[in-house]
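The values are calculated or read from the model by the stated rules, or taken from the named source; none is laboratory data. Predicted model, so just to flag it, every value in this text is computed and none were measured. Methodologically, a virtual Cβ is constructed for each residue, glycine included, from the backbone with ideal geometry; neighbour enumeration extends over all protein chains shown. Heads up: the accessible areas ignore ligands, DNA and RNA and are worked out on the full protein's heavy atoms, side chains in. Shrake-Rupley method; radii C 1.70, N 1.55, O 1.52, S 1.80 Å.
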Amino acid sequence: MEAFDAIVVGSGPNGLAAAIRLAQAGFSTLLVEAKDRVGGGLRTGELTLPGFQHDICAAVHTMGVLSPFFNQLPLAEHGLAWAYPEASVAHPLDDRPAAMLELSLPETAARLGKDARSYTQLIAPFLRNPHGLLRDLMGPLGIPSNPIAMMRFGLRALQPATWVARRFETADARALFAGCAAHSILPLNAWGTAAFGLIFLLTGHMERWPAVRGGSEQLAKALLSYFVSLGGKVQTGLAVERLDQLPSSRVVLFDLAPKQLSSIAGDALPASYRRRLAKYEYGPGLFKIDYALSAPIPWKDPSCARASTVHVGGTLEEIAAGEAAVWRGEVPERPFVLLCQQSHFDDTRAPSGKHTGYAYCHVPSGSTFDATARIEAQIERFAPGFRDTILARHVSTPGDLEAYNASYVGGAVTGGAAKLTQLFTRPVARLDPYRTPNPRLFLCSQSTPPGGGVHGMCGFHAAESAIKRLHRSAR
Ligand SMILES: Cc1cc2nc3c(=O)[nH]c(=O)nc-3n(C[C@H](O)[C@H](O)[C@H](O)COP(=O)(O)OP(=O)(O)OC[C@H]3O[C@@H](n4cnc5c(N)ncnc54)[C@H](O)[C@@H]3O)c2cc1C
């Protein structure tokens, strides 16, 4: 008799999702985590001053709130409360009003002036059955439930973001699209980057991009509480380096990077598969700053205060140039900065009257460059006086991020470059990407489809694959 049916190594959102799915299916499941508390990218802490709660990794849950798996779970009963802003995205521009991603398509379009019609024509067709489209997109390649919608989406999505953005006449609409597409962490002239622009805009018209009330860690706590209610077991403080450190089990799922899977599994995986894992490309890293602020960010355009996320990077051309520079190994002079302002719509994050700020930019893998001044110059450009509101800051370099979580290889936080060649075939091209050649071992992290972000869908699909194996081996 094995001690457990399944062990999941790593307790990020995908590890938690996989563990829950296995426990729901009636399998005895142990969740193992290196740190002293679960959560992976879902952790919150007082990084700057007492009373200021910062999201250490993920902040805004664009995909989490729409996740087909999370939405089936009774997470509210286990303490989860989303905190909603008035709008998802503000995109400030020099000397003109910011472009805004509002929940309402007509309101968003109306602010885009001459591009109101073309914006509506681009987005409206995907809003006919958006949840069906997302379900098809949030899994491995397969037969879509709605092939016509998927084909229509694919025709646009496969293009470079710069092509789709240039259908617009105004700098506002172009910039709004570019800011969303830059979540790909790819050069915006790369094939397939339009997919990110479209998906992020679409999600903003389905739900306002929320944070988690009390901090992202509350989502991990709710997932953990539900897992434990299903009879799941947890062991924290065990950084797995070899398979023989784990109790016996019928299957093991790794919520880790391919590099870690290869090193932990060693000879349990064929050398040819490990060679393929070694070729996996992780992509650029992140340079992040958390701020304790004495006041709200003094945006030139006050509409920016309404959004959970502010895309600070100026025009399409500037953002495209910056992201291309990162892939050439440079830190851009004027980086594209992703800024979140959770305390604006969640009063648990900072002492009364004070605020938190969260900002990062993309930098080359493993970069040791201090990007603080460049990030702050960009924020100051659209919010003069920002520097005067800073009470304290906490900086994380790519090296700090990797030291914090070994899955962030070189500071890359989305589990691997989202290039077309690696998006649906991660970590390697296989019919079932969650399986390895060893029938006991599975990968369930963001380095499998559908990739980075807090949605748990990698973990869900990996668990389904492992469940098939568990049923087969029981016969
Ligand atoms: C700075 C930053 C900002 C981000 N912002 C957002 C955002 O706003 N929205 C969003 O949706 N996503 C965001 N992300 C991405 C998101 O956090 C990840 O996509 C997500 O957490 C991936 O989940 P995962 O379960 O695959 O892995 P992870 O969350 O990385 O979890 C892996 C777990 O494995 C553990 N572990 C590692 N090695 C071992 C070992 N040897 N033994 C045992 N355990 C181990 C780690 O401690 C960790 O708990 C951000 C990430 C970072 C770092």
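Based on alpha-carbon centroids, what's the gap between region 53-118 and region 292-322 in Å, whole number please? With region 53-118 and region 292-322 each reduced to a Cα centre, they are spaced 14 Å. Extension gain for Ala377 to Ser248 (0.36 nm times residue separation, less C-alpha to C-alpha distance): 41.1 nm. Going by a ≥ b ≥ c, the root eigenvalues of the Cα gyration tensor, does region 202-322 fall in the rounded group (a/c under 1.5), the prolate group (a/b larger than b/c) or the oblate group? Because a/c hits 1.5 or more and a/b fails to exceed b/c, region 202-322 counts as oblate. On a per residue basis, the chain carries 38 Å² of accessible surface, using protein heavy atoms and a 1.4 Å probe.
On the basis of the beta-carbon distance and an R0 of 45 Å, Asp347 and Leu158 show a calculated FRET efficiency of 0.60.
Residues within the reach of a label modelled at Gln235 (point 7 angstrom out along Cα to beta-carbon, backbone nitrogen below 20 Å), restricted to region 33-58, are 33-40. Just how far, in whole angstrom, is region 210-236 from region 326-357 if you go by their alpha carbon centroids? Taking the Cα centre of region 210-236 as reference, the centre of region 326-357 is 25 Å away. Extending 7 Å from Cα along the Cβ direction at Ile143 and again at Glu107 yields two label points whose distance is 4.2 nm. A Förster radius of 35 Å, combined with the Cβ-Cβ distance separating Glu77 from Glu333, puts the computed FRET efficiency at roughly 0.10. The Cβ shell under 12 Å around Gly283 holds other residues with a net charge of 0, Lys and Arg each +1, Asp and Glu each -1. Cross-link pairs exceeding 25 Å between alpha carbons, from the set Lys221/Lys468; Lys221/Lys279; Lys114/Lys419; Lys221/Lys259; Lys35/Lys279; Lys35/Lys288: Lys221/Lys468; Lys221/Lys279; Lys114/Lys419; Lys221/Lys259; Lys35/Lys279. Using the Cβ-Cβ distance between Tyr404 and Ala268 with R0 set to 22 Å, the FRET efficiency works out to roughly 0.20.
Of the solvent-accessible surface of the chain, computed with a 1.4 Å probe over protein heavy atoms with every protein chain present, carbon and sulfur atoms account for 53 percent.
Model label sites at Val428 and Arg96, defined 7 Å from Cα along the beta-carbon direction, differ in position by 5.0 nm.
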